[in-house]
1. Which FRET efficiency, nearest 0.05, do SER77 and GLU171 yield, Cβ-Cβ r, R0 41 Å?
2. Express the relative contact order of the chain as a whole percentage, based on alpha carbon pairs under 8 Å and six or more residues apart in sequence.
3. Which one of HIS412, VAL103, ILE279 is farthest out on the positive end of the charge dipole of the chain, using unit charges on Cβ (Lys, Arg +1; Asp, Glu -1) and the Cα centre as origin?
4. Rounded, prolate or oblate: which fits segment 124-233, taking a ≥ b ≥ c as square roots of the Cα gyration tensor eigenvalues, rounded meaning a/c under 1.5, else prolate when a/b beats b/c?
5. Once the Cα atoms of segment 1-160 are picked out, what are the Rg and Dmax in Å?
6. If one computes P(r) from the Cα atoms of segment 203-289, what percent of pairs lie at distances over 22 Å?
7. Based on Cβ point charges of +1 for Lys and Arg and -1 for Asp and Glu, what charge dipole magnitude is obtained for segment 337-414 about its Cα centre, in debye rounded to the nearest 20?
8. More than 24 Å apart: what percent of Cα pairs in segment 65-160 qualify?
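The values are calculated or read from the model by the stated rules, or taken from the named source; none is laboratory data. All figures in this text were calculated on a predicted structure; none of them were measured in a lab. We place every Cβ from the backbone using ideal geometry, glycine too, and count neighbours over all the protein chains shown. Just the protein is used for accessible areas: all its heavy atoms, side chains included, with ligands, DNA and RNA removed. Shrake-Rupley method; radii C 1.70, N 1.55, O 1.52, S 1.80 Å.
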Amino acid sequence: MSASGSGLEIRIDSAGLQSRIDELALISEAPPPVVTRVLFSEADIRGRGYVRKAAREAGLAIREDPVGNIFARWEGSEPDLPVVGSGSHTDAIPNAGRYDGVVGVLGAFEALAALKRAGFRPRRSLEVVMFTSEEPTRFGLGCLGSRLIAGTISIERARALRDVDGRTLDELRGAAGYSGPLESVRLPNGYYHSFIELHIEQGPILEAKGIPIGIVEQIAGPSSYRVTLQGEGGHAGAVPMPGRHDAMLAGAEIALAVENAAKTSGSPDTVGTVGIFRIEPGASNSVPFRAYLEIDLRDTRLDTRGKALAQIEASAAKACALRGVRMEFEEINSDPPADGDPKTVATVEKVCSELGLRSLRMVSRAYHDSLFISRVSPTTMVFIPCRNGWSHRPEEFATPEHIASGVEVLAHTMARLAG
Ligand code: GLV
Ligand code: MN
Ligand code: MN
C-alpha cells in the first residue's frame, strides 16, 4: 500500500500482474522461455486477444483503430478534456523475453485497476494503448502504430511497406481483422494532455546503482541503412586470391567501420550495430558474390550521428573500390532524438520522492513508442531495473517488486495528471 501527496492509498496486485505477464509469455511462436510475437503472426493475434481480456478485467472500455492499436479507456468526469495516456507494445522480436513492452501494457492496466480499487475518480479520461508493431521485425521499421498516431509517417510510405515475403501492411492487417482507412489512425492535435510509458530499462544502469526508478529525459534518435554489395562469385579453390571481388569481405570491412565510427564519434551515446548480414550463395566452397547488411545507428545528438554516418559511408566506398565490389547504400529510416517534457519529468520525480523511491533522470538509448508520441504530447517514460541490463533475449528479467514500484509510480502520476 502506498500513499503519495495526493493521499490516495494504492495497492498494486503484484502477484496478479506477474501471472498475467507469465500467461502472455506463453503466447509465443517459440517454446518457453523464448518469446517471439512478430506483428500479425498467429501469436501476435492471440496475444491481442489476451490484451483485450486483461483490459476488460481491469474494467476498461476497448477501441481499436485500423492499424491495430488497441486503446483501453477509463472515462473521466470531463470526457472532452485531453486524455492522460500510457502504454507500450506486446509484439516481440525473435528470441525475446517476456518484459519488453509487456510491463508497460499490463502494468498500466494494473495501475488503472489499482486506482479504481482506491476509489479514485478521474476528471480527465485515462487511456492505455497497446501500440502496433513497436518492433521492426516484420517491415524493417519500428513503431508503426505510434508513427501513424503522431502522423510522422506518410500513408503512402506505410502502404509501401513489404515484409520479406512481399506482403503489404494492407494485406496483413486485413488478414488480422483490421480494416478502414489508415488516415484515421492519426489522433487529433491536443488529444493527449500527457503520456507516460512504463518500460524495463533494457540497460544496466539502474541495477548497478541500486535505484528502482529511472525517469527519461531524452530518447536517442534511431537511424538504419540497407547496404547491398555485388561482387563476383567463383570456385573457392580455383579463383586466385589477387583476382577476387568478395562481397562478404567488403561487408566485413563495412561492419568494422560501423563499430569504429560509433566508438570515435565523440559522443558516448553513439551506438552502431550490423544486426543483419546475409551472403550469397552461402556455400563453403564458393566466393560470396552478394552481401546484404543492415546498419542500426543511434545517438542522442544529430551532429555526432551524422559524423559517424559520413565516416561509415566513406570507409564503405573505399573498401568497395579497393575490392572491386559494387555498393548500394540506402537509408531505411532516420528519426531525430526526442526530449522528455520537463514538467512531466518533474511530476514523476515528485511522486517518487513522496513515495520514498529513489529515482534517476536518464537517457533511453533504445527507442520506444514514446519517441513518436512525444511529437504530439508532453511525454516521459518510467524505467525499472532489469537483471544485468538484459533485453531482447529470453533471460530478460525484472523483479515483481521493481515492477510493482514502477506501476505504483505510474498510477500516482496518472492520477495527479488526470486531476
Ligand atoms: C526497440 O526495441 C529498439 O530497437 O530500440
Ligand atoms: Mn524491444
Ligand atoms: Mn520495448
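1. Calculated value: 0.45.
2. 23 percent.
3. Value: HIS412.
4. On the way: a/c = 2.31, a/b = 1.20, b/c = 1.93.
Because a/c hits 1.5 or more and a/b fails to exceed b/c, segment 124-233 counts as oblate.
5. According to the Cα coordinates of segment 1-160, Rg and Dmax are 16.3, 51 Å.
6. 50 percent
7. 200 debye
8. Details: 1400 of 4560 pairs.
Of all Cα-Cα distances in segment 65-160, 31 percent exceed 24 Å.
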